[in-house]
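**Q** Next up is a structure, given as structure tokens.
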Amino acid sequence: MPYIPHLLNCPLFKGLNEDEISVFRSATRQVSYKQGESIMVEGKTGNNLVILIEGEVTISKKLTLLGEDENDTKDKTFITLTEESKPFFGEMAMLMDDSVRTATVMASTDCEMVIMEKEPFQKECLEHPGIAVKVMENIARKLATNLERESKNVLKLTTAFSLVLEE
């Protein structure tokens, strides 16, 4: 697995060495995406987590809540991620059944990704609980950080909305 050394710097595997990361060999595979390809689509179900090991992606969300209309193209790019920090996304799919993607992830450049599938991941976690605890702590850390950021965003939007209503 030539991509395993790339995963040492991934926040998902913080606190693990190369041998411990290799436990997830059966749950992972390397995949290439071309510039402009969709990696995840908001509103679609998913059962895997993705780690960016080379390239750049953009993450966007629909600006409206008008339903499941696929012609709704009013998206807002919220973040661009690069390979530097080996970011991972799609982690909610590893924890929930029939998880729905909360954003669209698009390859901004040609990309190399590591895909981790849910069922083999869970199997390895059961067989290696000490390693699993560290990975789950890392997932929980990311989810908590995301929740904190989104709570602040909701507060800002609520404040702005209330100020507009006062005028």
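All of the numbers you see were taken from the coordinates with simple rules; none came from a lab. Bear in mind the structure is a predicted one, so any value in this text is a computation, not a measurement. Every residue, glycine as well, gets a Cβ built from its backbone with ideal geometry; the counts of neighbours run over all protein chains shown.
**Q** If one takes the longest principal axis of the Cα atoms in the chain, at what angle in degrees, from 0 to 90 and to the nearest 10, does the Cα axis of helix 118-127 lie?
**A** Helix 118-127 and the main axis of the chain meet at about 50 degrees.
**Q** With springs only between Cα atoms under 10 Å, which of Asn138, Asn17, Asn48 fluctuates most in a Gaussian network model of the chain?
**A** Asn17
**Q** Of Gly90, Gly46, Gly15, which is the most mobile in a GNM of the chain whose springs link Cα atoms less than 10 angstrom apart?
**A** In this elastic network of the chain, the residue with the biggest mean-square fluctuation among Gly90, Gly46, Gly15 is Gly15.
**Q** May I ask for the angle, rounded to the nearest 10°, between helix 129-166 and the longest principal axis of the chain, with both axes built from Cα atoms and the value confined to 0 to 90°?
**A** 10 degrees
**Q** Debye sum, Cα scatterers, the range 75-139, no solvent: what log₁₀ I/I(0) at q = 0.26, 0.30 1/Å?
**A** Per q value, in the given order, log10 I(q)/I(0) is -1.30, -1.42.
**Q** Something else about it: Match the structure shown to one of the listed values (1) 2, 8, 15, 20, 19, 15, 9, 6, 4, 2, 1, 0, 0; (2) 1, 8, 18, 22, 22, 15, 9, 4, 1; (3) 1, 8, 15, 16, 16, 13, 9, 7, 6, 3, 2, 1, 1, 1, 0, 0 of P(r) over Cα pairs in 5 Å bins from 0, in percent, computed from it, and give that label.
**A** Answer label, from the structure shown: (1).
**Q** Is it possible to state the helix-based mean residue ellipticity at 222 nm for the chain, with each DSSP H run of 4+ residues giving -39500 (n - 2.57), the sum divided by total residues, to the nearest 500 deg cm²/dmol? What is it?
**A** Using -39500 (n - 2.57) per qualifying helix, the result is -11000 deg cm²/dmol.
**Q** Which of these, Glu119, Glu54, Glu83, has the largest mean-square fluctuation under a Gaussian network model of the chain (Cα springs below 10 Å)?
**A** It is Glu119.
**Q** Given Cα pairs under 8 Å that are at least 6 residues apart, what percent is the relative contact order of the chain?
**A** Answer for the chain is 32 percent.
**Q** In addition: Mind sorting His128, His6 by how few other Cβ atoms lie within 10 Å of their own Cβ, fewest first?
**A** His128, His6
**Q** Then there is this: With 10 angstrom as the radius, rank Phe24, Phe88, Phe78 by how many other C-beta atoms surround their C-beta, starting from the fewest.
**A** The fewest-first ordering by Cβ neighbours comes to Phe78, Phe88, Phe24.
**Q** Just subtract the alpha-carbon distance of Leu163 and Thr80 from 0.36 nm times their residue separation and send over the number in nm, one decimal.
**A** Full-extension gain reported as 26.8 nm.
**Q** Neighbouring Cβ atoms within 10 Å as the yardstick, rank Leu7, Leu157, Leu165 fewest first.
**A** Leu165, Leu157, Leu7
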